[in-house]
Amino acid sequence: MVKRAPTAEPGVDLTRYMAEQKQRLPAPELASLILEMALASKVLAHEIRRAALVGRLGLAGGQNPTGDSQKKLDVYANEVVVDAFVDSGMVAAIVSEEMDELRTIACNDEAGYLLCVDPLDGSSNTDINGALGTIFSFYRRETRGACLDCEGELREGLEMVAAGYVMFGPSTVLVYSIGGAVHGFTLEQDVGEYLLSHPDIRCPTRGRYFAANLGNYHAWDANVRGFSDHALAPDSAGGVQYSYRYSGALAADFHRSLLEGGIYLYPADDRHPEGKLRLLYECAPLAFVAEQAGGSASSGSQRVLDIRPRSLHDTTPFAVGSREDVELYERFVAGGRP
Ligand code: AHM
Ligand code: MG
């Protein structure tokens with residue numbers, strides 16, 4: 001766990017900030033891993049902005065391991081992230097939403113980390129100029145000097161050493177935590193640098209925003225529908241009605257919950273009895289960020305960071321956001337009421 005650093009000056013650039021922070025980190029290379037992800041995200045931000053002009057919208061023709069149709073931008077984003085970490089020399093292997101198997105990158109002692117990544121989150125938004133994201137986390141390898149054994153490396157989110165996301169919206173924002181604090185940097189396009197814009201983010205204890213795909217309402221179980229009815233009823237949030245928001249990009253909906261409070265839900269439904277969102281590279285990284293900021297994340301009955309994956313692309317029902325809102329949801333899931 002990192003010691004909480006004195007609040008940094010807004011406007012400081014990510015490269016300089018990481019250089020200053022290195023000595024406080026449990027391992028200095030964590031700073032380099034975040035910088036590498038920042039670099040990949042700048043390439044992605046550039047390509048997303050011009051995707052409609054260079055023929056990168058629409059379907060690629062294949063499917064990812066969980067059966068989603070891959071978009072051209074999904075495939076491109078995966079290549080950009082993999083290439084960045086092949087070059088870094090610090091990562092032994094990558095788990096990605098877009099790759100069936102664990103991709104081995106390096107088997108030497110310097111490659112001390114496992115990267116889990118959703119290279120392009122919210123792919124249904126690519127063709128309508130909607131918000132997109134990249135979600136990532138790093139685990140320290142337990143073994144050195146040999147190639148990673150895939151199943152042997154699957155660990156609970158609690159063992160994560162760093163996580164974050166990039167949101168590609170009206171501006172590109174990188175939010176990360178190496179434990180102990182959550183910081184947000186906004187990309188200044190003209191100079192090509194991330195500048196500190198959201199130092200030491202704290203998630204409000206209680207919020208007033210509710211995000212979920214209400215098109216699935218009739219496919220949820222009665223307790224989840226009960227929570228949704230409660231959330232949308234007048235005076236549900238302790239005198240203040242929740243406002244409903246849903247963008248179709250987890251990174252963007254989570255970003256709102258993190259900054260302004262509230263809850264994002266993707267529960268189990270008839271088509272997804274174990275939930276739709278993937279544990280390793282969607283739910284666990286955001287659960288880590290939420291908890292470091294004072295928020296919370298739950299499957300409805302279990303803390304997300306306590307769930308041990310059984311395979312690379314495992315899914316889980318997911319609720320994340322303000323601590324009291326997530327607790328309220330868990331009470332509903334257990335069959336109770338407020
Ligand atoms: P993706 O990574 O393939 O885009 O899938 C994850 C996305 C989340 O970003 C979003 O919250 C959810 O799936 C949207 O799903 P739906 O269209 O079923 O509401
Ligand atoms: Mg995703």
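The values are calculated or read from the model by the stated rules, or taken from the named source; none is laboratory data. Source: prediction; values computed, not measured. Cβ placement follows ideal geometry from the backbone for every residue including glycine, while neighbour counts extend to all protein chains displayed. Side chains are part of the model used for accessible areas, which takes the heavy atoms of the whole protein and leaves out ligands, DNA and RNA. Shrake-Rupley method; radii C 1.70, N 1.55, O 1.52, S 1.80 Å.
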Pairwise label distance in nanometres, A52 with T66, each label 7 Å out on the Cα-Cβ vector: 2.8
Multiply the residue gap between E327 and D190 by 0.36 nm, knock off their C-alpha separation, and tell me the result in nm, one decimal place. 45.1 nm
Roughly speaking, to the nearest percent, how much of the range 1-125's 1.4 Å accessible area is carbon and sulfur? 49
Put +1 on the Cβ of every Lys and Arg and -1 on every Asp and Glu Cβ in the range 1-128; which of A19, G58, A84 then has its Cα farthest towards the positive end of the dipole? A19
Under 14 Å from the Cβ of K72, count the other residues' Cβ atoms, weight Lys and Arg +1, Asp and Glu -1, and hand me the total. -3
First select every other residue whose beta carbon is under 9 angstrom from the beta carbon of G58; then total the charges, Lys and Arg +1, Asp and Glu -1. +2
Charge tally in the Cβ shell below 12 Å around D13, where Lys, Arg are +1 and Asp, Glu are -1, D13 excluded: -3
Mean-position separation - Cα centroids, the range 27-95 and the range 170-217, in angstrom: 19
I'd like the carbon and sulfur percentage of the solvent accessible area for the range 200-338, probe radius 1.4 Å, heavy atoms only, ligands and nucleic acids excluded. 44
Calculate, for the range 1-83, the solvent-accessible area per residue in square angstrom, rolling a 1.4 angstrom probe over the heavy atoms of the protein chains. 52
Point-to-point label distance, D221-V43, nm (Cα→Cβ direction, 7 Å offset): 4.4
In the chain, if the dipole is taken from +1 on Lys/Arg beta carbons and -1 on Asp/Glu beta carbons about the Cα centre, which of Y281, G335, S299 is farthest to the positive end? G335
Would you mind getting me the FRET efficiency between S243 and S124? Use the beta-carbon distance for r and R0 = 25 Å, nearest 0.05. 0.65
Would you work out the charge dipole size for the range 207-338 about its Cα centre, treating the Cβ of every Lys and Arg as +1 and the Cβ of every Asp and Glu as -1, and quote it to the nearest 20 debye? 120
With +1 on the Cβ of every Lys and Arg and -1 on the Cβ of every Asp and Glu, the dipole magnitude of the range 264-338 about its Cα centre, in debye rounded to the nearest 20, is 120
Dipole-positive endmost among I105, V95, P199 within the chain (Cβ charges, Cα centre): P199
Taking a label point 7 Å from the Cα of L35 along Cα-to-Cβ, the residues of the range 159-179 whose backbone nitrogen sits under 18 Å from it are 162-163, 174-178
Please report, in debye to the nearest 20, how large the charge dipole of the chain is about its Cα centre when each Lys and Arg carries +1 at its beta carbon and each Asp and Glu carries -1 there. 680
